[in-house]
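Asks: Below is the structure I would like to discuss, written out as structure tokens.
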Amino acid sequence: MKVLVTTRSGRELIDGGLVLDSSATVADLQEAIHKRIKKYYPSRQRLTLPLQPGSKEKPVVLQYKKSLKEYTTGNPNSDTITVVFKDLGPQVSYRTLFFFEYLGPLILYPLFYYLPVYQYFGYKLEKRVIHPVQTIAMYYWCFHYFKRIMETFFIHRFSHATSPLSNVFRNCAYYWSFGCYIAYYVNHPLYTPVNDLQVKIGLGFGLIMQISNLYCHVILRNLRSPSGNGGYQIPRGFLFNIVTCANYTTEIYQWLGFNVATQTVAGYVFLIVAASIMTNWALAKHRRLRRLFDGKEGRPKYPRRWVILPPFL
Amino acid sequence: MAGVLSLLRRFYLIAYNWIVFAGWFQVLFLALKTLKESGHEQVYSNIEKPLLLAQSAAFLEILHGVVGLVRSPISATLPQISSRLYVVWGILYSFPEVQTHPIVSSLVISWSITEIIRYSFFGTKEAFGSTPYWLLWLRYSTFLVLYPTGISSEIAMIYNALPYMKESEKYSIRMPNKWNFSFDYFYFAFVVFAIYLPGIPHLYGYMLAQRKKTLSKSKKA
């Protein structure tokens, strides 16, 4: 079968096209393109079917698992197919993205605790008294990001999807600067602690939420097949019986615990921003699951559940 | 019912645009009169009231976008209007030391001419459904000069106020406090610069594109 590969402006990407086996899949085509043009590895490629000129519809994106034959629907006997190529730019795996996101806060926060950074902000350090809550909060914070990195490598199962390299810079800017912003206040020489009971309640509750969060991630891992392409399933068990995105719920509550114990405006600002981002993701996931499991034609019906923050949403 | 509502909306927008127009007209008139009769030191004190009123009225434009009274998205109006409110209330009003600076004149003249044209453009459009070509041309051409003069005056005014922000510690919150929070208005001004500066070429380019689109379209028509 002959495949013509054009760019979005209509120019031929590979002169004369490619000749592939008639049983070839989209993945085979991507490999063939990669072989001809080294820098376009498969995850960098987005292949679509050509649109009629002037059409406002969204183009059909070729799925890498499917056979190329499935896309010659207009004319099943045709032995030639034209696909439109788009370069998505450099890609990284989600594992790499997550690792760098979490590494920043893990390293930067303790710098504020251990190193004399505040003298550069004009404070005299002889007067600095380290409150017990500042020490415990530092361990709590580091445990949290250490846990996230460990989960990234040993628990999460990622699909084949990759992320553009530019997202690494954007996400790192978000995590790293918020990490510094919170660390600055919690480790400040003029920090005012709350009473002991409040610290204990906050961090105790937060720790329980962190452990619950770990358990949620284990449940989510078991929903996905090891190959990472098992499709969507209804999450069940533990808190998932009540909330669709119990993993976000526990994450939000563990930050709430940290903030109750440390009481900084910076921490609460981060909590609000993080909670609203996760709420958007949760709403999207909830909608997707409701649509997929609509209870029709033998498909199971998605049970009634909270989305992310019971008893509000 | 829908007819009454749309009539009401139209009536309100006509009134809004022409009232704010009158405010900016007064600003320009008083500024020029003061420059001619006494000098730039008195400009601010003579225009303060109409300037604060006319610029603060722009806040309603954000609301118009939110409730769907006008089509312009708040993502476009919010940054423009909030930066103006920052300069008017956060700089000019808050630091009397900078009110006598000569840049105040170039600032308010750039602003008021722009706004006089803009509000009369919208006011005419709401009232008659269309605008004469010369007004359209002015609306999409004066920015070529007035945007650079306006924005550089804004930045100069923030810059002029910096030493007084640092000295007075106005609007600043210091540690220690129960909520472990601090805010430094002086450093906040640098954050404002950091947001302003990349936005300038972006906005100018956007307006150039708008100019090309609008003026070429109306010529054909």
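Asks: Scan segment B:173-191 and tell me whether some residue there is away from chain A (no Cβ under 14 Å), part of a helix (DSSP H, G or I) and of a type in the set (Val, Ile, Thr).
Replies: no
Asks: Which of (1) out of contact with any helix residue (DSSP H, G or I) (no Cβ under 9 Å at 6 or more places or on another chain); (2) not in a helix (DSSP H, G or I) does residue B:36 not meet, given it meets every other one?
Replies: Unmet for residue B:36, out of (1) out of contact with any helix residue (DSSP H, G or I) (no Cβ under 9 Å at 6 or more places or on another chain); (2) not in a helix (DSSP H, G or I): (2).
Asks: Could you please find all residues in segment A:155-173 being assigned to a helix (DSSP H, G or I) and either farther than 23 Å from residue A:255 by Cα or touching a helix residue (DSSP H, G or I) at 6+ places or on another chain (Cβ under 8 Å) (or both)?
Replies: Residues satisfying the conditions are A:165, A:166, A:167, A:168, A:169, A:171, A:172.
Asks: Moving on. Sort out which residues of segment A:157-174 are among the charged types (D, E, K, R) and over 18 Å from residue A:88 (Cα atoms), and write them in order of number.
Replies: Scanning segment A:157-174 gives a single hit, A:157.
Asks: Against the condition closer than 22 Å to residue B:29 by Cβ, in contact (Cβ under 8 Å) with a residue 24 or more places away in the chain and either touching a Ser or Thr at 6+ places or on another chain (Cβ under 7 Å) or surrounded by fewer than 20 Cβ atoms within 10 Å (Cβ to Cβ) (or both), how does residue B:155 come out, does it pass?
Replies: Considered against the rule, which asks whether it is closer than 22 Å to residue B:29 by Cβ, in contact (Cβ under 8 Å) with a residue 24 or more places away in the chain and either touching a Ser or Thr at 6+ places or on another chain (Cβ under 7 Å) or surrounded by fewer than 20 Cβ atoms within 10 Å (Cβ to Cβ) (or both), residue B:155 comes out as no.
Asks: Does residue A:144 satisfy the condition of being outside any strand (DSSP E or B), modelled with pLDDT of 95 or more and more than 26 Å from residue B:183 (Cα to Cα)?
Replies: Against the criterion (outside any strand (DSSP E or B), modelled with pLDDT of 95 or more and more than 26 Å from residue B:183 (Cα to Cα)), residue A:144 qualifies.
Asks: Hey, another quick one. Quick one: what pairs do we get from segment B:127-139, first residue under 23 Å from residue B:110 (Cβ atoms), second among the aromatic types (Phe, Trp, Tyr) and in a loop (DSSP other than H, G, I, E, B), C-beta under 7 Å, 6+ apart or different chains?
Replies: Note: no pairs meet the criteria.
Asks: Quick check on segment B:124-137. Is at least one of its residues farther than 25 Å from residue B:6 by Cα, outside any helix (DSSP H, G or I) and of a type outside the set (D, E, K, R)?
Replies: no
Asks: Taking segment B:163-172 only, how many residues are more than 14 Å from every other protein chain (Cβ to nearest Cβ) and surrounded by fewer than 16 Cβ atoms within 10 Å (Cβ to Cβ)?
Replies: Qualifying residue count, segment B:163-172: 5.
Asks: Given the options A:182, A:211, A:201, name the one that is touching a residue at least 12 places away in the same chain (Cβ under 8 Å), away from every other protein chain (no Cβ under 14 Å) and of a type outside the set (Gly, Ala, Ser).
Replies: After ruling out the rest, the residue left standing is A:201.
Asks: Looking only at segment A:1-22, count every residue that is within 18 Å of residue A:79 (Cβ to Cβ), outside any strand (DSSP E or B) and among the aliphatic types (A, V, I, L, M) and tell me the total.
Replies: Of the residues in segment A:1-22, 3 are within 18 Å of residue A:79 (Cβ to Cβ), outside any strand (DSSP E or B) and among the aliphatic types (A, V, I, L, M).
Asks: Then there is this: Any residue at all in segment A:142-151 that's within 14 Å of chain B (Cβ to nearest Cβ) and touching a Phe, Trp or Tyr at 6+ places or on another chain (Cβ under 9 Å)?
Replies: no
Asks: Go through the residues of segment B:120-143 one by one and say whether even a single one is among the acidic types (Asp, Glu) and farther than 30 Å from residue B:11 by Cβ.
Replies: Within segment B:120-143, none of the residues are among the acidic types (Asp, Glu) and farther than 30 Å from residue B:11 by Cβ.
Asks: Going through A:232, A:248, A:215 one at a time, which residue ends up being touching a helix residue (DSSP H, G or I) at 6+ places or on another chain (Cβ under 7 Å) and in a loop (DSSP other than H, G, I, E, B)?
Replies: A:232
Asks: Looking at this structure, is residue A:313 among the aliphatic types (A, V, I, L, M) and without any contact (Cβ under 8 Å) to a residue 24 or more places away in the chain?
Replies: no
Asks: With respect to residue A:193, determine if the residue is modelled with pLDDT under 95 and not in a helix (DSSP H, G or I).
Replies: Taking the combined requirement at face value, the residue does not satisfy it.
Asks: With the requirement that a residue be within 17 Å of residue B:118 (Cα to Cα) and among the β-branched types (Val, Ile, Thr), what does segment B:61-79 give you?
Replies: If the condition is that a residue be within 17 Å of residue B:118 (Cα to Cα) and among the β-branched types (Val, Ile, Thr), then B:62, B:70, B:77 are the ones that fit.
Asks: While we're looking at this one, here's another question. Mind listing whichever residues of segment A:71-86 are within 31 Å of the chain's Cα centre (by Cα) and either buried (at least 16 other Cβ atoms within 10 Å of the Cβ) or farther than 21 Å from residue A:165 by Cα (or both)?
Replies: A:71, A:83, A:84, A:85
Asks: Let me ask something additional. Please specify each residue of segment B:192-221 satisfying the condition of being farther than 28 Å from residue A:259 by Cβ and either within 14 Å of another protein chain (Cβ to nearest Cβ) or over 21 Å from the mean Cα position of the chain (by Cα) (or both).
Replies: Within segment B:192-221, B:212, B:213, B:214, B:215, B:216, B:217, B:218, B:219, B:220, B:221 meet the criteria.
Asks: Checking the structure you have, find out if any residue of segment A:106-123 is among the aliphatic types (A, V, I, L, M) and farther than 30 Å from residue A:142 by Cβ.
Replies: Among the residues of segment A:106-123, not one is among the aliphatic types (A, V, I, L, M) and farther than 30 Å from residue A:142 by Cβ, which makes the answer no.
Asks: Would you confirm whether any residue within segment B:152-164 is within 17 Å of the chain's Cα centre (by Cα), over 21 Å from residue B:89 (Cβ atoms) and modelled with pLDDT of 95 or more?
Replies: Taking every residue of segment B:152-164 in turn, none turns out to be within 17 Å of the chain's Cα centre (by Cα), over 21 Å from residue B:89 (Cβ atoms) and modelled with pLDDT of 95 or more.
Asks: Another one. Do you know which of the residues in segment B:64-76 that are closer than 21 Å to residue B:210 by Cβ and either buried (at least 18 other Cβ atoms within 10 Å of the Cβ) or of a type in the set (Gly, Ala, Ser) (or both) is modelled with the highest pLDDT?
Replies: B:64
Asks: Considering only residues of segment A:162-193 that are crowded, with 16+ Cβ neighbours inside 10 Å and of a type in the set (Val, Ile, Thr), which is nearest to residue A:269 (Cα to Cα)?
Replies: In this case the residue turns out to be A:182.
Asks: Something else now. Have a look at A:22, A:43 and point out the one that is under 23 Å from residue A:89 (Cβ atoms) and in contact (Cβ under 8 Å) with a residue 40 or more places away in the chain.
Replies: Result of the check over A:22, A:43: A:43.
Asks: Okay, moving on. So, of the residues in segment A:270-296 that are in contact (Cβ under 8 Å) with a residue 24 or more places away in the chain and within 26 Å of residue A:185 (Cβ to Cβ), which turns out to be farthest from the other protein chains (Cβ to nearest Cβ)?
Replies: Within segment A:270-296, the match that is farthest from the other protein chains (Cβ to nearest Cβ) is A:278.
The values are calculated or read from the model by the stated rules, or taken from the named source; none is laboratory data. Note that the structure is a prediction, hence the values are computed from the model and not measured. Here Cβ is always computed from backbone atoms with ideal geometry, including for glycine, and neighbour counts include all displayed protein chains.
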